[in-house]
């Protein structure tokens with residue numbers, strides 16, 4: 001596992017956000033997680049972010065250290081692994097103590113909008129950074145989570161490694177908050193955090209040079225080709241690739257991004273992801289049939 005970080009690392013690979021494979025008794029499955037990681041790495045992906053898709057919201061602190069060790073061991077030497085912490089303050093501080101004994105260069109704070117305030121988030125991040133000894137990935141998926149002033153102060157304090165921006169808009173090109181943010185802080189710190197669908201607009205309209213993806217776990221080679229097309233300025237090629245991801249992304253939007261991706265990886269035969277970790281539940285069979293078709297087509301296209 002890669003233990004250093006730079007902006008070049010951030011922008012050289014699509015940032016995969018995979019599910020976490022579990023066994024029948026909900027234990028983290030080392031073998032299946034390694035299978036999934038190898039598939040993702042086979043497409044040229046070198047950054048793995050374990051966040052919402054891995055349901056780190058509901059991970060037990062008692063299994064956190066073991067899970068970190070498993071992911072570190074499974075990743076290739078040049079693969080950068082980013083775990084998540086939180087979303088609640090007590091949890092993130094317990095996890096900070098564990099991370100302080102490991103070599104992960106950053107961790108993402110999962111947002112908890114219902115029981116947080118912008119100033120409270122600022123204080124919590126500074127306390128986490130002090131205890132863990134590493135900066136945080138700031139995950140913004142709601143306009144009220146943090147203010148622009150909080151973002152600026154945390155960046156100035158060196159507490160932020162990068163920002164995952166995932167506020168959903170009907171028209172991604174119309175986003176006053178994102179515009180204010182790229183004008184206020186170095187846009188190289190900001191990552192488009194909603195998959196392939198808004199990545200082109202975020203690239204062309206806001207100067208954002210990296211994006212996260214869940215569907216990359218099914219078609220890593222193709223998602224990485226989209227990033228390469230953007231870097232080459234070939235927007236037509238990028239758009240033709242983006243369109244191929246729409247079917248599975250539409251299912252994720254309609255039936256839940258976490259459970260749909262969890263099933264897509266399993267039903268396409270990439271790795272056995274196991275049962276859903278509560279508080280989430282599995283999907284109905286009719287939805288699984290749609291996922292099987294969409295994920296199978298994406299995996300076949302990835303291999304062509």
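Observations
- With respect to the conditions (1) in a loop (DSSP other than H, G, I, E, B); (2) touching a helix residue (DSSP H, G or I) at 6+ places or on another chain (Cβ under 6 Å); (3) within 21 Å of residue 125 (Cα to Cα), residue 65 lacks only one, and its number is (1).
- Unique match (being under 22 Å from residue 12 (Cβ atoms), part of a helix (DSSP H, G or I) and either touching a strand residue (DSSP E or B) at 6+ places or on another chain (Cβ under 7 Å) or without any contact (Cβ under 8 Å) to a residue 40 or more places away in the chain (or both)) among 237, 266: 237
- The stretch 28-58, residues that are within 15 Å of residue 273 (Cβ to Cβ), assigned to a loop (DSSP other than H, G, I, E, B) and in contact with a helix residue (DSSP H, G or I) (Cβ under 8 Å, 6 or more places away or on another chain): 50, 52, 53, 55
- Selection from the stretch 181-227 of residues that are surrounded by fewer than 24 Cβ atoms within 10 Å (Cβ to Cβ), touching a helix residue (DSSP H, G or I) at 6+ places or on another chain (Cβ under 6 Å), within 30 Å of residue 153 (Cβ to Cβ) and touching a residue at least 60 places away in the same chain (Cβ under 8 Å): 188, 209
- Taking strands (runs of 3 or more DSSP E) as the structural unit, no element lying wholly within the stretch 83-184 holds at least 2 residues that are at pLDDT below 95.
Residue-wise test of (1) touching a strand residue (DSSP E or B) at 6+ places or on another chain (Cβ under 6 Å); (2) at pLDDT below 95; (3) not in a helix (DSSP H, G or I).
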site: 203; (1), (2), (3): no, no, no
site: 225; (1), (2), (3): no, no, no
site: 250; (1), (2), (3): no, no, no
site: 254; (1), (2), (3): no, no, no
site: 274; (1), (2), (3): yes, no, yes
site: 279; (1), (2), (3): no, yes, yes
site: 289; (1), (2), (3): no, no, no
site: 299; (1), (2), (3): no, no, no
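- Those residues of the stretch 1-12 which are in contact (Cβ under 8 Å) with a residue 40 or more places away in the chain and either crowded, with 24+ Cβ neighbours inside 10 Å or in a helix (DSSP H, G or I) (or both), in sequence order: 7, 9, 10, 11
The values are calculated or read from the model by the stated rules, or taken from the named source; none is laboratory data. Source: prediction; values computed, not measured. Please note: Cβ atoms are built from the backbone with ideal geometry, for glycine as well, and neighbour counts cover all protein chains shown.
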